[in-house]
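Notes follow once the structure below has been shown.
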Amino acid sequence: MITVDVHLDEDSGAAMAGDVRRGLSGPRKELAPKYFYDERGSQLFEQITELPEYYPTRVEREILVERSSEIVAAAGAPATLVELGSGSAAKTRHLLSAMRDAACLRTYVPVDISEEITHETAECLVEEYPGLEIHGLVCDFEHHLERIPDRDGGRIIAFLGGTIGNLYPEPRREFLARLAAMLGPDDRLLLGTDLVKDRARLEAAYNDSAGVTAEFNKNVLSVLNRELDADFDLDAFEHVADYDADRERMDIRLRSLADQAVRVTELDLEVEFAAGEEIRTEISAKFTRQGLERIYADAGLGLAGWFTDAGADYALSLARRA
Ligand code: TRP
């Protein structure tokens, strides 16, 4: 009942070295958000999702709890659920249960970067959903999207957590266009997006009073210290996160508190920082229904369902190939 295919790139270390060299060498310094998530980073993110200020995880769960059966019906009661970035599949269970109750559930395809979690999750789910067939894929889905198996009976391809907001507009369009190209007539994309709202709530969500988000952001420097033998002093940087209302996105950086030079031994690179100079570590775009309709249209998709929480803080939308 369980198969797991592994398609990991042989040399993720070399890829990281290249990414970090490019990111720290230019005039505008930047690090890719995927490097946040070592073991400590994943723990800290878990804590973020439980902070009073960080609403996205809670409201997305609220939508799944309240509206999964509507979502499954609107998607045409498909037989397969594919989930990009499935992890422990905590949220997915609401969708799987709704599909079971609608008597359409056959296959779950978790796609995740961690082989260990994918196996553990699969073992748990076959117990919880008797007869469920699980075909896991261990890969970086940005690179291996096209390995996702095609299926009869329709699919929901779920991309939850608002992660689409972490892509810049052009890579986002390309990613959505690749997803669009995979969709057959009975398939639907299910996308989680945080919505535009007042600045105070957005900024609080990324600047919690307990300082967990600051620690999470700075943890990426510890990752570089360990993986690339760098000597970042975490106390010499501060966490900065503000809302860029023109671009409708949170802009998250680390700001150097002093003139300083950091050595990245593995890259044989010395990086200079002026006091106040910043490294961008993530953007997190916030959407409107209208904006998302345009983004879908630009990627060859069409909006096919819109589900929000009671406070309209967050949306799960269904899209079909246009
Ligand atoms: N992808 C999450 C988001 O956009 C990640 C996140 C939450 C995050 N808080 C953060 C990333 C702080 C960097 C810094 O909401």
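The values are calculated or read from the model by the stated rules, or taken from the named source; none is laboratory data. Small disclaimer: the values here were computed from a predicted structure and weren't measured. All Cβ positions, even for glycine, are placed from backbone atoms using ideal geometry, and neighbour counts span all protein chains on display. Note: areas computed on protein heavy atoms with side chains; ligands, DNA, RNA excluded. Shrake-Rupley method; radii C 1.70, N 1.55, O 1.52, S 1.80 Å.
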*Looking at the range 221-235, is at least one residue in contact with a Phe, Trp or Tyr (Cβ under 8 Å, 6 or more places away or on another chain) and aromatic (Phe, Trp, Tyr)?*
no
*Entirely in the range 122-228, the helices (runs of 4 or more DSSP H) that have 2 or more residues that are open to solvent by 10 Å² or more (accessible area, probe 1.4 Å) and in contact with a Leu (Cβ under 9 Å, 6 or more places away or on another chain)*: 141-144, 169-182, 212-227
*Mind checking whether some residue in the range 242-254 is more than 13 Å from the ligand (Cβ to nearest atom), more than 21 Å from Gly165 (Cα to Cα), more than 19 Å from the chain's Cα centre (by Cα) and not hydrophobic (A, V, I, L, M, F, W, C)?*
no
*Out of all the residues in the range 186-207, which are touching a residue at least 60 places away in the same chain (Cβ under 8 Å), of a type in the set (Asp, Glu) and within 13 Å of the ligand (Cβ to nearest atom)?*
Asp194
*Pick out the one residue from Arg58, Arg28, Arg40 that is open to solvent by 60 Å² or more (accessible area, probe 1.4 Å), under 19 Å from the mean Cα position of the chain (by Cα) and more than 29 Å from Trp306 (Cβ to Cβ).*
Arg40
*Which one is farthest from the ligand (Cβ to nearest atom), of the residues in the range 269-292 that are closer than 13 Å to Leu254 by Cβ and of a type in the set (Val, Ile, Thr)?*
Val271
*In the range 176-185, how many residues are touching a residue at least 60 places away in the same chain (Cβ under 8 Å) and within 20 Å of Leu316 (Cβ to Cβ)?*
4
*Among the listed residues Glu70, Glu46, which satisfies the condition of being under 26 Å from Lys286 (Cβ atoms) and either within 16 Å of the ligand (Cβ to nearest atom) or not in a helix (DSSP H, G or I) (or both)?*
Glu46
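Return yes or no: is Glu53 in contact with a strand residue (DSSP E or B) (Cβ under 9 Å, 6 or more places away or on another chain) and open to solvent by 40 Å² or more (accessible area, probe 1.4 Å)?
For Glu53, the condition - in contact with a strand residue (DSSP E or B) (Cβ under 9 Å, 6 or more places away or on another chain) and open to solvent by 40 Å² or more (accessible area, probe 1.4 Å) - is not met.
Condition check ((1) modelled with pLDDT under 90; (2) away from the ligand (no atom under 16 Å from the Cβ)) across all residues:
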| site | (1), (2) |
| --- | --- |
| Leu81 | no, yes |
| Leu84 | no, no |
| Ala90 | yes, no |
| Ala102 | no, yes |
| Tyr108 | no, yes |
| His135 | no, yes |
| Glu146 | yes, yes |
| Ile157 | no, yes |
_Filter result for the condition that a residue is touching a helix residue (DSSP H, G or I) at 6+ places or on another chain (Cβ under 8 Å) and not in a helix (DSSP H, G or I), over Leu51, Leu96_ = Leu51
*Among the residues of the range 293-322, count how many are surrounded by 15 or more Cβ atoms within 10 Å (Cβ to Cβ) and either closer than 23 Å to Ser69 by Cβ or basic (Lys, Arg) (or both).*
15
*Does Thr265 fit the bill of being modelled with pLDDT of 95 or more and open to solvent by 50 Å² or more (accessible area, probe 1.4 Å)?*
yes
*Scan the range 213-222 for residues that are near the ligand (Cβ under 9 Å from one of its atoms) and either among the charged types (D, E, K, R) or out of contact with any strand residue (DSSP E or B) (no Cβ under 8 Å at 6 or more places or on another chain) (or both) and jot them down.*
Phe216
